[in-house]
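J.: I'd like to ask you about the structure that follows.
The values are calculated or read from the model by the stated rules, or taken from the named source; none is laboratory data. Here the structure is a predicted model, which means the values were calculated and not measured. Cβ placement follows ideal geometry from the backbone for every residue including glycine, while neighbour counts extend to all protein chains displayed.
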Amino acid sequence: MPEEFDVLEPGELYRLDDENRERLLVSAPLTWEWSRTLCASKSTGGMEEWAKNKGEAAEAEPLTCDWYHGTWQFLRLLNMVAVPPWYEFYSKTLRAILLERPDANVLISAAADFGMFSTLHEAISASGASPTVTLYDICQTPLRATQWYAERYGLTIECLCDNLITSPAIPTGAYDLIVTDEFLTVLKDPDKPLILERWKQFLKPGGTLVTTAMIGGVTTPELREGYAARARRLLDQNPELCELTGTDRDELIRRFDVFAARHTRHMLKDEEQIRSLFSDFDATFALTVTPGECVNPTSSYQIVAKKRD
Ligand SMILES: C[S@@+](CC[C@H](N)C(=O)[O-])C[C@H]1O[C@@H](n2cnc3c(N)ncnc32)[C@H](O)[C@@H]1O
């Protein structure tokens, strides 16, 4: 099995380009509005899953994921959340796969917004391919944001709301390519092997999974406080964001504080854990440095895993 662990030089860590920034200035307030009605409370799964089994205080209010989906793009504008453009390997890996399989059936296995579809869009344009693309997410808000992006660029994507771990409705043996960013670090440890099993079921024999997973420890209260303080400082260094998005500064800071208090990554511990998770695939892993979220910067595995024939 071709496995390797390369430590790559960080180079210049990600900077938001003008095109992405202009688009986010329009979509961030829209996504906030959508999140207020579309983010729904779920019995299991989703970005509020961390609060389950955390005791009465955490479960007292019925949580939805609006604090996550509604705030995500404002934090993207400050480069504070993990997004596909942090990882250069997506462009070249997706383009290479699409060149080989221009009519690929592609599954985006959850996304916080249109970020992954936008990365795929670039690879589609660069390869001249015409794949069929489906996005599944457990929440309607990222689906709405991705539809918005698709309409803006005249693209077609099927957006479906379902639980990727438990739903019997998602087609199996159907996809040439599955792509998702940092989904493994959203899932608690017991769910990580379950999604690996599901991805294996969704893929055609020889199909490929492309993803990333950060490594690190638990999100401590100190890290959360540091994150909230950094968000505040960055917003004050970019005060025009409030005017350009039509958002009140104090309201935005309140949202950043809630995000910092709730956003919980279940990072990968070490190389052994990742080798064990992908033991049924022919996989390559490249370690890189990213800007990081609460832990800043941090390291992440860039993963290309092929389902055996
Ligand atoms: C893919 S992850 C990380 C986001 C990523 N870094 C990005 O830029 O798109 C986040 C998404 O996972 C979704 N999610 C969490 N648990 C899920 C589940 N069991 N089934 C489907 N989607 C899920 C959440 O609703 C959220 O939109």
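J.: ARG198: in a helix (DSSP H, G or I) and either closer than 30 Å to ALA28 by Cα or in contact (Cβ under 8 Å) with a residue 60 or more places away in the chain (or both), yes or no?
T.: Taking the combined requirement at face value, the residue does not satisfy it.
J.: Among the residues of region 112-128, is there at least one that is assigned to a helix (DSSP H, G or I), more than 16 Å from the ligand (Cβ to nearest atom) and either crowded, with 20+ Cβ neighbours inside 10 Å or under 20 Å from the mean Cα position of the chain (by Cα) (or both)?
T.: yes
J.: Restricting to region 184-198, name every residue that is away from the ligand (no atom under 12 Å from the Cβ) and hydrophobic (A, V, I, L, M, F, W, C).
T.: The answer is LEU196, and nothing else.
J.: Return the residues of region 150-175 that are in a helix (DSSP H, G or I) and aliphatic (A, V, I, L, M); say none if nothing qualifies.
T.: Residue satisfying the conditions is ALA150 alone.
J.: While we're on this one: I'd like to check something: does region 282-289 contain any residue that is surrounded by fewer than 16 Cβ atoms within 10 Å (Cβ to Cβ) and modelled with pLDDT of 95 or more?
T.: Scanning region 282-289 turns up no residue that is surrounded by fewer than 16 Cβ atoms within 10 Å (Cβ to Cβ) and modelled with pLDDT of 95 or more.
J.: Could you list all residues from region 57-76 that are away from the ligand (no atom under 12 Å from the Cβ), at pLDDT 95 or above and either at positive phi or not hydroxyl-bearing (Ser, Thr, Tyr) (or both)?
T.: If the condition is that a residue be away from the ligand (no atom under 12 Å from the Cβ), at pLDDT 95 or above and either at positive phi or not hydroxyl-bearing (Ser, Thr, Tyr) (or both), then PHE74 is the only one that fits.
J.: Out of (1) free of Cβ contacts under 8 Å to residues at least 40 places away in the same chain; (2) under 23 Å from PHE89 (Cα atoms); (3) crowded, with 20+ Cβ neighbours inside 10 Å; (4) not basic (Lys, Arg), what's the single condition that is false for LEU184?
T.: Of the numbered conditions (1) free of Cβ contacts under 8 Å to residues at least 40 places away in the same chain; (2) under 23 Å from PHE89 (Cα atoms); (3) crowded, with 20+ Cβ neighbours inside 10 Å; (4) not basic (Lys, Arg), the odd one out for LEU184 is (1).
J.: Just give me the residues in region 129-177 being buried (at least 20 other Cβ atoms within 10 Å of the Cβ) and among the basic types (Lys, Arg), in sequence order.
T.: The answer is ARG144, and nothing else.
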